[in-house]
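Trainee: Dropping the structure in here first, questions after.
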Amino acid sequence: MLAFFLLHNESIAMNFETSELTQQVAATARDFAQQHIKPYVMQWDETQEFPLSVFKEMGKLGLMGVLVPEKYGGAGLSYFEYVTIIQEISKVCGSIGLSLAAHNSLCIGHLLAFANEEQKQKYLPKLATAEWIGAWGLTEANTGSDAGNMKTTAVKDGNDWILNGTKNWITHGKTGDIAVVIARTGEPRAKDNATAFVVEKGTPGFSGGRKENKLGMRASETAEMIFDNCRIPDANRLGEVGNGFKQSLKVLDGGRISIAALSLGIAKGAYEAAVRYSKERHQFDQPISNFQGISFKLADMATEIMAAELLTLQACDLKIRGEAMTKQAAMAKYYASEVAVKTSNEAVQVFGGYGYTKDFPVEKYYRDSKLCTIGEGTSEIQKLVISREILRG
Ligand SMILES: Cc1cc2nc3c(=O)[nH]c(=O)nc-3n(C[C@H](O)[C@H](O)[C@H](O)COP(=O)(O)OP(=O)(O)OC[C@H]3O[C@@H](n4cnc5c(N)ncnc54)[C@H](O)[C@@H]3O)c2cc1C
C-alpha cells in the first residue's frame, strides 16, 4: 500500500509493506531475544549487570553492525531493518535495546557519517562484530540539554590533542572499548567551538568513572568518562576542527529514530502483556477485558502505538532517501517516547496490584520507558527542535 501525506505543503510517499528481508531480520532478533535475553531480564535488572556476553553473541548475528556496509564487516542493512531489530529486542528488554541503539546509531553512526576511510577501516570491523563496544560522549554534568556549553577541552599540542574534563551519563562509559568524544576546541559559547575525536580504552589519562544507579534501563551501563591530560593523535580527529557539535546534531537525528524504535518496542511489549492479561483475569465473574474501562485503554494504546510507528517509519524513509529529517526524527522520538510512558503506565493499571510487583513484566516496562522521554534530548527539547523547524519555513 502506497500512502501520501500532505501537511504544510510537504508531500511524503511511503510504502508500508514490510519486505521479506525485514520480516526475516525481525524473526532473527525475536528468536535471539526469547532465547538469550528473556530468561535473564529480571536478574540483570536487579543486579544492574551489563551483560557483555549477550552483546558479543549479537555481534555474531550482525546485530551490532546493522548499518555498517558489508565491506567493513557489517550487516549492510537499512534503517527499516535497524528499527525493526531495536523494537524486537526492546519488547523483551529495554536496557539491551538502549545499549544496542547507543552502539549502532551513536558511536557507529558518528563514524559512518564523519570518519575518513582509514578510520572506518580501523574501527568499523571491530565494532560491527562486537569485538569492541562503542560509546558516544557529548553530555556533561552541567550541560545536558545545553550540550554546546561543554567544559571538556581538547588543546592542540604538536601533532596531538590533550583532552581534559568529564563526560557524564555515557552509555558504556566504563565498558566501551572506544568512544567518540566531543570536546571544546574553541572559546566557550563561540561558534564552531567543538571537535569530535575517537578515544580508545587504555589510552593513558582516559578512564571510566562512577556508574549510575538508575530507576530503569538498569542493565544498560551508564557511567562517567574521565579525561585527565589524555593525549591522542590528530589521526583520531573526526572531520574538521570546529565541526564537532554540528556533527553531533546530525548523529542525534539518526539516534532519535532509534529511541523512537526503543519506545515502540517497550510500548508494544507492555500493550501485548496488557491484552493477554485482560483476557485471563476475571473479576465479577468475567474477564476484565469485558469492562469498557479496560477495553478503551487497550484501544487507546493500539491507536497511539500505530501513530507512533507511522511517524517512526516516515523518519526512517526520509533518512534512507538522504533527505532532511530533523523535524520528523524529533516528532517520532517525542511522540513515541510519550506513548511508551503512557502505555506502560496504563498496562500497570490493567494488571492492578499484580502490575505493581516484579512477578509480572509491566512494572519494568514502566520504569524503562521513562528514559525514552529524556535520553538523546528531552521531550521539551524535541518540541524546541520541532517548533524551530516549523517556524523556519
Ligand atoms: C540512561 C541514560 C543514558 C544516556 N546516554 C548518553 C550517552 O550515551 N551519551 C551522551 O552524550 N548522553 C547520554 N545521556 C544524557 C542525556 O542525553 C541527557 O540526560 C539529556 O540530554 C538531558 O540532559 P540533562 O539530564 O542534563 O537535563 P537538563 O538539560 O538539566 O534538563 C532538565 C529539565 O529542564 C528542561 N529543559 C532544559 N532546557 C530547556 C529549554 N531550553 N526549554 C525547555 N525545557 C528545558 C529539560 O527538558 C528537563 O525537563 C544519557 C542519559 C541517561 C539518563
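The values are calculated or read from the model by the stated rules, or taken from the named source; none is laboratory data. Since this is a predicted model, take the numbers as computed values, not measurements. Neighbour counts are summed over all protein chains in view; Cβ atoms, including those assigned to glycine, are modelled from backbone coordinates with ideal geometry.
Trainee: Within segment 146-165, how many residues are surrounded by 23 or more Cβ atoms within 10 Å (Cβ to Cβ) and among the small types (Gly, Ala, Ser)?
Mentor: 1
Trainee: In contact with a His (Cβ under 9 Å, 6 or more places away or on another chain) and either among the small types (Gly, Ala, Ser) or touching a residue at least 40 places away in the same chain (Cβ under 8 Å) (or both): is that true of Gly176 in this structure?
Mentor: Yes, satisfied.
Trainee: Moving on to the next point. Restricted to segment 125-145, and to residues that are part of a helix (DSSP H, G or I) and surrounded by fewer than 24 Cβ atoms within 10 Å (Cβ to Cβ), which residue is nearest to the ligand (Cβ to nearest atom)?
Mentor: Among those that are part of a helix (DSSP H, G or I) and surrounded by fewer than 24 Cβ atoms within 10 Å (Cβ to Cβ), it is Lys126.
Trainee: Would you check if there is a residue in segment 166-173 being away from the ligand (no atom under 15 Å from the Cβ), within 28 Å of Tyr40 (Cα to Cα) and surrounded by fewer than 24 Cβ atoms within 10 Å (Cβ to Cβ)?
Mentor: no
Trainee: Could you tell me which residue of segment 114-124 is farthest from the ligand (Cβ to nearest atom), considering only residues that are of a type in the set (A, V, I, L, M, F, W, C) and not in a loop (DSSP other than H, G, I, E, B)?
Mentor: Among them, the one singled out is Leu124.
Trainee: Just give me the residues in segment 86-116 being closer than 15 Å to Gly73 by Cβ and surrounded by fewer than 24 Cβ atoms within 10 Å (Cβ to Cβ), in sequence order.
Mentor: Across segment 86-116, the qualifying residues are Leu112, Ala115.
Trainee: Could I ask something else about it? Yes or no: segment 205-214 includes at least one residue that is free of Cβ contacts under 8 Å to residues at least 24 places away in the same chain and not in a loop (DSSP other than H, G, I, E, B).
Mentor: yes
Trainee: What pairs can you find where one residue is in segment 124-135 and more than 12 Å from Leu111 (Cα to Cα) and at pLDDT 95 or above, the other is in a helix (DSSP H, G or I) and of a type outside the set (Lys, Arg), and their Cβ atoms are less than 6 Å apart, with a gap of 6+ or different chains?
Mentor: Taking only residues 6 or more apart or on different chains, the pairs are Thr129/Gly59; Ala130/Phe55; Ala130/Gly59.
Yes or no, residue by residue, for (1) among the charged types (D, E, K, R); (2) closer than 20 Å to Lys126 by Cα; (3) crowded, with 17+ Cβ neighbours inside 10 Å:
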position: Glu187; (1), (2), (3): yes, no, no
position: Val198; (1), (2), (3): no, yes, yes
position: Ser220; (1), (2), (3): no, no, yes
position: Phe227; (1), (2), (3): no, no, yes
position: Ala235; (1), (2), (3): no, yes, no
position: Ile257; (1), (2), (3): no, no, yes
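Trainee: Now for a different question. So Leu111 clears everything in (1) out of contact with any strand residue (DSSP E or B) (no Cβ under 6 Å at 6 or more places or on another chain); (2) within 13 Å of the ligand (Cβ to nearest atom); (3) in contact (Cβ under 8 Å) with a residue 24 or more places away in the chain except one condition, right? Which one?
Mentor: With respect to (1) out of contact with any strand residue (DSSP E or B) (no Cβ under 6 Å at 6 or more places or on another chain); (2) within 13 Å of the ligand (Cβ to nearest atom); (3) in contact (Cβ under 8 Å) with a residue 24 or more places away in the chain, Leu111 is out only on (2).
Trainee: Quick check on this structure: which one of Lys342, Lys383, Lys364 is at pLDDT 95 or above, within 10 Å of the ligand (Cβ to nearest atom) and assigned to a helix (DSSP H, G or I)?
Mentor: Unique residue meeting the criteria: Lys383.
Trainee: I've got another one for you. Just one of Ala223, Ala196, Ala183, Ala179 is farther than 21 Å from Leu112 by Cβ, in a strand (DSSP E or B) and in contact with a strand residue (DSSP E or B) (Cβ under 7 Å, 6 or more places away or on another chain); which is it?
Mentor: One residue alone meets the criteria, Ala223.
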